[in-house]
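The values are calculated or read from the model by the stated rules, or taken from the named source; none is laboratory data. These numbers come from a predicted model, not from an experiment. Positions of Cβ are backbone-derived with ideal geometry, glycine not excepted, and every protein chain shown enters the neighbour counts.
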Amino acid sequence: MAMKLTLIGPMFIALTLAATTGWSEAQPELRERFVCNFGANQRFIDIYRRGTSAPRGGACRVDYTKNGVTKRVWSASGDYAYCVKRALALVTSLTKGNFSCRPETTESRDPPPPP
């Protein structure tokens, strides 16, 4: 998986290439994830983007996972910034409610190059 860190305001966003079912099964998507914890409670905010060559960043959606149930909470057909803004507002809201939120980092699992 490819990963890129992007600074948005005071937060870094990890961009990872993901293939998901449903919304864009045939196309790879970029996924940004925040993991928020408060005691035993854990929440995930995922921002998915496809069509990155579009002038405003392409289509996007924001999924929110709470108590193991994932719901699509926002989407836009051609304004990626809208999804980022909404997701960061949710992260901010959870932080104000004593959750500790951080971007998820993953190690690349790419195979080593051939000798």
Practice item. Determine whether segment 10-32 contains at least one residue that is at pLDDT 90 or above and touching a Cys at 6+ places or on another chain (Cβ under 6 Å). Key: no
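Every residue, every condition in (1) touching a Gly at 6+ places or on another chain (Cβ under 7 Å); (2) over 21 Å from residue 99 (Cβ atoms); (3) not small (Gly, Ala, Ser), yes or no:
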{"position": "36", "(1), (2), (3)": "no, no, yes"}
{"position": "41", "(1), (2), (3)": "no, no, yes"}
{"position": "45", "(1), (2), (3)": "no, no, yes"}
{"position": "57", "(1), (2), (3)": "no, yes, no"}
{"position": "76", "(1), (2), (3)": "no, yes, no"}
{"position": "87", "(1), (2), (3)": "no, no, no"}
